[in-house]
Amino acid sequence: MNKPSPEQNVRVLVVDDNRSIHGDFRKILCGPDAAAETESMEASLFGEPAEERRAVTFAVDSAYQGQEALDMVIKAAAENRPYAMAFMDVRMPPGWDGIETTAKIWETDPDMQIVICTAYSDYSWEGMIQKLGYSDKLLILKKPFDNVEALQLASALTEKWHLLQRVHQQVGQLEEAVRQRTGELSRSERHYRLIAENTGDLIEIIDASGRPLYRSPSCGRLFAQPSAGPGETGVLDVIHPDDRDAAAAAMRACLHDGKRQAFDFRARGGNGDWLALEAHCGPFRDDRAEAGAVLLVSRDVTERRKLELHLRQAQKLESIGQLATGIAHEINTPTQFIGDNTHFLRTAFADLQGLLARHGELLAAAESGPVPADLLAAVRSARATANPDYLAAEIPRAIDDMLNGIARTAKIVKAMRNFAHPGTTNKTSVNLAEIAEDALTITRNEWRYVADAVIEFEPALPVVPVFPGEFSQVLLNLIINATHTIAERVGDGSRGKGTITLSARLDGDWVEMRVRDTGMGIPEKVQDRVYDPFFTTKPMGKGTGQGLALARSIIVNQHGGSLVFETVLGEGTVFIIRLPIHPDSAITPIPTEEPLHE
């Protein structure tokens, strides 16, 4: 038989108008004889010797009327010494009966366990239930009752009361934990809502059909699309037609593979202008951890792109400024011999004018009669001065030299114009050989003394879509770097030159272009840092450390290509540029059963 532990509440209230009943309950619940009797019966029932146990003494209080019992229950609760249970008589004239008293007590202390003691059929079970309702805190004990039965009820119900208090405590703890967690979630939700409502980034949740399930207020401010839901305009509807397929493919890939995707696109703003945006999308999972939608976070980078364009233009102009002396020298050389040949032609023309004038006089004299001897002498003198045979040989050469000089100057000017052009927002299909020649032309005065330049392009190389100005900047930087590393190896070139080789070949859907030098190579300890902004191994004033960082950004970020290098210390370096021939070469669309957007 289970007995209450000493720290449990063993307070029992006996409510009966018969004083002898109170004495009986005290003998059962407070005296040692009852416990001994109980243990003896337990041994006889289960066939085990009764082990020595400590009897639990219940604290028994008495009430002789229902009102008195209620007052004692109220007082005990106020003193934080509640009763665990009560043995309740049914008939207690002239006051409340046991059923009424129980109902009153439960209004004050709903946890109190009640045993109804009755020898009469004053109430049927249905009648009790009608007055008290169904309750697991109510038991019936028929008089006369057995001592062991009463003791078992007291032990079981005080233990039950104790367990009920533990349940209340644990429920209270759980409720407090839930309240705290709910508060944390509420604060977290408020924080995320404030972030979503005030961030400048565009946050959208897009289902598999391309329709928005959620759109942050920033979308409304930028696109004038404040609402989200079935039938509303989706982000794909405002994307530039040329960018729509690539964006849809990236989101399909996100849904299919569950991996984050990054891409750029243009979208129509609320004012009708096209905006440049960069986006990151990831799978938006439901309660079953299935990716049924895409979380798209976009950022308006229109102004940044404009600033980047201005910066690149400034860098190109800075490069031209750094090369200005060499370019001026390159232009001055053909200009000088054009000027020399022009002076020669002016002198020759003056001599020819004198000779032509004497020939005119000779012709007039011959037509009128005999030619005077002194006129013939003057003609001979003018011919000797003009030397027409010499002029006949030299004037065509002078004209050819002038034309070559003009062509060379025009080529330099054209290369400078192409290089300095601010560029366009769209790629242009170009002949890479022409861009390579322009880059070598602009930098010729840098490399001509220390290196020979070689162009080795496949004859049937196709045109490639690039941003011409930006790609020219890449070649310029690579050629200048090649020149400097060759100069470190050969000095001023008086004892031999190095070689800069520009080559290109077709490789499937890509064009591979190489810029090779026979310079010093890149030391292993700095190979991991060559693309870092502002990192340079050149002496102060020879470089800013921006060239390779800018080159890689242009090739990788703007062209969807790659820029890597191979180097051998003391033998040279080759930078390898790979460019996609087709706009979608760098993107592999992933087909799905249901298209993301029609």
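A simple rule links phi to the HN-Hα coupling: the Karplus curve 6.51 cos²θ - 1.76 cosθ + 1.60 with θ = phi - 60°, which for the range 362-377 gives 4, 5, 5, 5, 5, 6, 8, x, x, 7, x, 5, 5, 5, 4, 4 Hz, with x for Gly and Pro. The 1.4 Å probe gives accessible areas that order L502, L295, largest first, as L295, L502.
Estimate the FRET efficiency between Q527 and T335 by the formula 1/(1 + (r/R0)^6), using the beta-carbon distance for r and 35 Å for R0, to the nearest 0.05. For Q527 and T335, the calculated efficiency is 0.20.
Ranked by accessible surface with a 1.4 Å probe, highest first, in what order do Y192, Y134 come?
From most exposed to least exposed: Y134, Y192.
If the segment from N387 to F145 were pulled out straight at 0.36 nm per residue, it would be longer than the present Cα-Cα gap by 71.2 nm.
The phi torsions of the range 396-411, fed into the Karplus equation with coefficients 6.51, -1.76 and 1.60 and a -60° offset, translate into couplings of x, 5, 5, 5, 4, 4, 5, 5, 5, x, 4, 5, 5, 4, 4, 5 Hz, rounded to whole numbers, with Gly and Pro shown as x.
Available extension along the chain between N431 and L163 is 87.7 nm, counting 0.36 nm per residue and deducting the alpha carbon span. If you sort V474, V167, V371 by accessible surface, 1.4 Å probe, largest first, the order is V167, V371, V474. Its alpha carbons give the range 164-223 an Rg and a Dmax of 19.2, 60 Å.
If R0 is 22 Å, what FRET efficiency do you get for R304 and H240 from their C-beta distance, rounded to 0.05? My answer for the efficiency is 0.80. Each label was represented as a point 7 Å from its Cα along the Cα-to-Cβ direction; for R505 and R81 these points are 10.2 nm apart. Extension gain for R190 to A377 (0.36 nm times residue separation, less C-alpha to C-alpha distance): 56.0 nm.
The values are calculated or read from the model by the stated rules, or taken from the named source; none is laboratory data. Quick caveat, the model's predicted, so the values are computed rather than measured. Cβ sites come from the backbone with ideal geometry, for glycine too, and all protein chains shown count toward neighbours. All accessible areas refer to the heavy atoms of the entire protein, side chains included, with ligands and DNA or RNA removed. Shrake-Rupley method; radii C 1.70, N 1.55, O 1.52, S 1.80 Å.
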